[in-house]
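Working notes, structure below.
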Amino acid sequence: MQVVYITNRPDVLAETLGHVQLHMPWVDSALVVAPSRHLKRSPDMGLPVTWASDEDVVGSEHAELIGLDHTTRNIRLRKAVLATGLLDDVFLLSDDDYRPIKPIPPEFYVDAEGRFRSYYSYDLAAWRWTNTSFDRGQHLTYLALTYLDCGHLSFAAHMPQIMDRDISSKAYESVSRLTGSDTLCEWSLYFNYGQRFHPERFLPPQPYCTVGWPDFAGSWPFWVRPGPFAFENFYEELYEPGQLFEGLPTAADPESWERTGFEKVRRWYELELAATRLDFRATPFEPWTRRSPARRVVFAALRRMRWAMAYLTLEERIRLSELAGDVDRMRRDLAQR
């Protein structure tokens, strides 16, 4: 199986491929698209790699890439790669920071009859954020998919996913008839289009399996809960002193991967529980109070109010619990009669 990356961080990618080789040894080659300056100093990736420069992939359009946002630039490159002949018929599409945290068999992606598994994290119709190019891509993709009478789950699950080259080309072509914008979500476009027009190739979608999406659990509400966890959406800054994964190794370790992977899951999960208590760690990266002393003061006051309300309503909650027990007993009595 070929895995495909677009990157401008070859060192991060090399470490990611260490995790891939440890946990997905059936992945036997990689196609890496990167700026030409990185190709000259690319580290050893540990498995056969075909390198392609941004310049060679997009040709005369390369100058336009410089001023594009991250989402649009990636789509331009992914569309261009489809026309190069470098892609296998079926491949894994990934970003350079999507890392397996435990063994992943081929059956995770394809069943015995060759049908593809897909993993979703949200519904595009429910995505309400508008701050970034990623957000804008979710909204435009939603509009295009609904116009094409497709479903609109979000498959931007921040984990590698399996794709068919020809179906991917058709999906991009269908949207190019509607808009000249490339601010799209490649994952959601592909899977919703494929499941609509090539349903025989796909199994029903499954919830995603990523720890680290969102990077801080609790920073936005889950539409579907992830699990069982199989991948990490890697953020280098979360391993810095005082951060969520401080003290944990980032490189793949054949001896300690199991304990390390579980510790990441535990810390991320506990962060969500802390967020429900408004108990935020004042770190440079957490999204609730960073760079805002006023927010820290407000949340401290809200925490005290929350515990006061819990104490004041304790008697009422006990009474309701007892009432629920009475109702259950009445139901059992009626059932026995």
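The values are calculated or read from the model by the stated rules, or taken from the named source; none is laboratory data. Please read all numbers here as calculations on a predicted model, not as lab measurements. Positions of Cβ are backbone-derived with ideal geometry, glycine not excepted, and every protein chain shown enters the neighbour counts. For accessibility, only protein heavy atoms count, side chains too; no ligands or nucleic acids. Shrake-Rupley method; radii C 1.70, N 1.55, O 1.52, S 1.80 Å.
Worth pointing out:
- All positions within the range 51-100 that are touching a residue at least 24 places away in the same chain (Cβ under 8 Å), within 22 Å of E236 (Cβ to Cβ) and open to solvent by 20 Å² or more (accessible area, probe 1.4 Å): D69, H70, D95, D97
- Of the helices (runs of 4 or more DSSP H) that lie entirely inside the range 38-122, those containing 2 or more residues that are over 18 Å from the mean Cα position of the chain (by Cα), among the aliphatic types (A, V, I, L, M) and modelled with pLDDT of 90 or more span 70-82.
- Any hit, the range 104-117, residues being free of Cβ contacts under 8 Å to residues at least 24 places away in the same chain, β-branched (V, I, T) and out of contact with any His (no Cβ under 6 Å at 6 or more places or on another chain): no
- Only one of W187, W220 that is open to solvent by 10 Å² or more (accessible area, probe 1.4 Å), part of a loop (DSSP other than H, G, I, E, B) and closer than 30 Å to L271 by Cβ: W220
- Filtering the range 101-112 to residues that are open to solvent by 70 Å² or more (accessible area, probe 1.4 Å) and either among the charged types (D, E, K, R) or more than 23 Å from E236 (Cα to Cα) (or both) leaves K102, E107, A112.
- Of all residues in the range 224-239 being over 13 Å from the mean Cα position of the chain (by Cα) and not hydroxyl-bearing (S, T, Y), the one that is surrounded by the most Cβ atoms within 10 Å (Cβ to Cβ): L238
- Comparison of R115, R128 shows that the only residue that is farther than 19 Å from P226 by Cα, in contact with a Phe, Trp or Tyr (Cβ under 8 Å, 6 or more places away or on another chain) and either among the aromatic types (F, W, Y) or open to solvent by 20 Å² or more (accessible area, probe 1.4 Å) (or both) is R115.
- Among the residues of the range 240-274, the one identified as in a helix (DSSP H, G or I), open to solvent by less than 30 Å² (accessible area, probe 1.4 Å) and of a type in the set (F, W, Y) is W268.
- Filter pass, Y172 being over 21 Å from P226 (Cα atoms), at pLDDT 95 or above and assigned to a helix (DSSP H, G or I): yes
- Members of the range 131-141 that are of a type in the set (S, T, N, Q) and open to solvent by 60 Å² or more (accessible area, probe 1.4 Å): N131, T132
- Test result for V20, of a type in the set (A, V, I, L, M, F, W, C), open to solvent by less than 10 Å² (accessible area, probe 1.4 Å) and either in contact with an Asp or Glu (Cβ under 7 Å, 6 or more places away or on another chain) or part of a helix (DSSP H, G or I) (or both): yes
- Unique residue being acidic (D, E) and under 23 Å from A83 (Cβ atoms) when the list is D54, D11, D44, D28: D54
To keep it simple, each residue is scored yes or no on (1) in contact (Cβ under 8 Å) with a residue 60 or more places away in the chain; (2) in contact with a Gly (Cβ under 6 Å, 6 or more places away or on another chain).
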site: S181; (1), (2): yes, no
site: F216; (1), (2): yes, no
site: G227; (1), (2): no, no
site: F234; (1), (2): yes, no
site: P241; (1), (2): no, no
site: A252; (1), (2): yes, yes
site: E258; (1), (2): yes, no
